[in-house]
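Quick notes on the structure that follows.
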Amino acid sequence: MNDYLGTYEATLILLVVAILAHEPFRWLGLYLGRQISPDSEIFVWVRAVATSLVAALVARLLLFPAGELASVDLWIRVLAGVSGGVIYFAARRHMPAGVCGAAIVLIAAELITK
């Protein structure tokens, strides 16, 4: 019972610290960014940086996975990544659709091959 309470308390502390470290910057960004035109050079640059970070994260997950994803075959990870990209563009650049589609393909392919 003590181990559970210790884990729960540690998780709660981490959650509170993460919120306190993260949220002020989100609100500051919202406040400062509301006056920036979506067509401005700075906004285009920020969007390009954000897109490149997402692309790098996806590439890292596909090529150098960690945890349970490392046990999934490379071809299944690549199939899920390509499927997610196709779904993303088919859904008119809707990021949640691409992510959910890739996850569904990854899980389905892994279940079929086992």
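Side notes on the structure shown:
- Selected residue (criterion: surrounded by the fewest Cβ atoms within 10 Å (Cβ to Cβ)) from residues of the stretch 101-114 that are farther than 16 Å from Leu62 by Cα and without any contact (Cβ under 8 Å) to a residue 40 or more places away in the chain: Lys114
- Just one residue in the set Leu69, Leu79 is in a helix (DSSP H, G or I) and either farther than 29 Å from Arg47 by Cα or without any contact (Cβ under 8 Å) to a residue 12 or more places away in the chain (or both); that residue is Leu69.
- Here Arg26 qualifies as in a helix (DSSP H, G or I), of a type in the set (D, E, K, R) and outside the structural domain of Leu74 (by TED's automatic domain parsing).
- Residue selected from the stretch 65-80 under the condition modelled with pLDDT under 95 and small (Gly, Ala, Ser), by the criterion surrounded by the fewest Cβ atoms within 10 Å (Cβ to Cβ): Gly67
- Meets criteria (assigned to a helix (DSSP H, G or I) and either free of Cβ contacts under 8 Å to residues at least 60 places away in the same chain or loosely packed, with under 10 Cβ neighbours inside 10 Å (or both)) for Ser37: no
- Among (1) modelled with pLDDT of 90 or more; (2) surrounded by 10 or more Cβ atoms within 10 Å (Cβ to Cβ); (3) under 21 Å from the mean Cα position of the chain (by Cα); (4) farther than 21 Å from Ile107 by Cα - the single one Leu28 does not satisfy: (3)
- Taking the numbered list (1) more than 21 Å from the chain's Cα centre (by Cα); (2) of a type in the set (A, V, I, L, M, F, W, C); (3) under 29 Å from Ile107 (Cα atoms) in turn, Leu69 passes all entries but (1).
- The condition (being assigned by TED's automatic domain parsing to the domain that holds Thr113 and in contact with a Lys or Arg (Cβ under 6 Å, 6 or more places away or on another chain)) is satisfied by just one residue among Leu62, Leu79: Leu62.
- Comparison of Arg60, Arg93 shows that the only residue that is of a type in the set (Lys, Arg) and exposed (fewer than 11 other Cβ atoms within 10 Å of the Cβ) is Arg93.
- Yes/no for Arg47 being in contact (Cβ under 8 Å) with a residue 24 or more places away in the chain and not hydroxyl-bearing (Ser, Thr, Tyr): no
The values are calculated or read from the model by the stated rules, or taken from the named source; none is laboratory data. As the structure is a computational prediction, the values presented were derived from the model and not from experiment. All Cβ positions, glycine included, derive from the backbone under ideal geometry; neighbour counts span all protein chains shown.
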